[in-house]
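The values are calculated or read from the model by the stated rules, or taken from the named source; none is laboratory data. A quick note: this is a predicted structure, and the numbers were derived from the prediction, not measured. Methodologically, a virtual Cβ is constructed for each residue, glycine included, from the backbone with ideal geometry; neighbour enumeration extends over all protein chains shown.
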Amino acid sequence: MRVKLKELRKNLGYTQKEFASELGISKRTYESIEQGLRFPGQSNMIKIMKKLNIDSIGILDDIQNKKITKL
């Protein structure tokens with residue numbers, strides 16, 4: 001998930017700080033999510049998915065394949 005989030009965010013032209021601000025969360029929190037150290041809550045997950053235009057299937061695949069290690 002971390003590679004995908006970083007890649008998708010960068011493709012949209014956002015820095016981590018800008019993207020975090022768009023989501024209404026701190027840069028530090030977003031960094032942890034992007035690095036796979038933290039899993040976002042439901043509302044933030046929905047915001048991220050909408051902003052990056054990703055579906056829940058991709059997220060669920062990453063969880064199943066243990067690319068996301070902390071929930």
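For this structure, a couple of remarks:
- For the range 1-52, filtering for residues that are without any contact (Cβ under 8 Å) to a residue 24 or more places away in the chain and either in a loop (DSSP other than H, G, I, E, B) or of a type in the set (Lys, Arg) (or both) leaves 13.
- Selection from the range 53-71 of residues that are assigned to a helix (DSSP H, G or I) and either modelled with pLDDT of 90 or more or not polar (S, T, N, Q) (or both): ILE57, GLY58, ILE59, LEU60, ASP61, ASP62, ILE63
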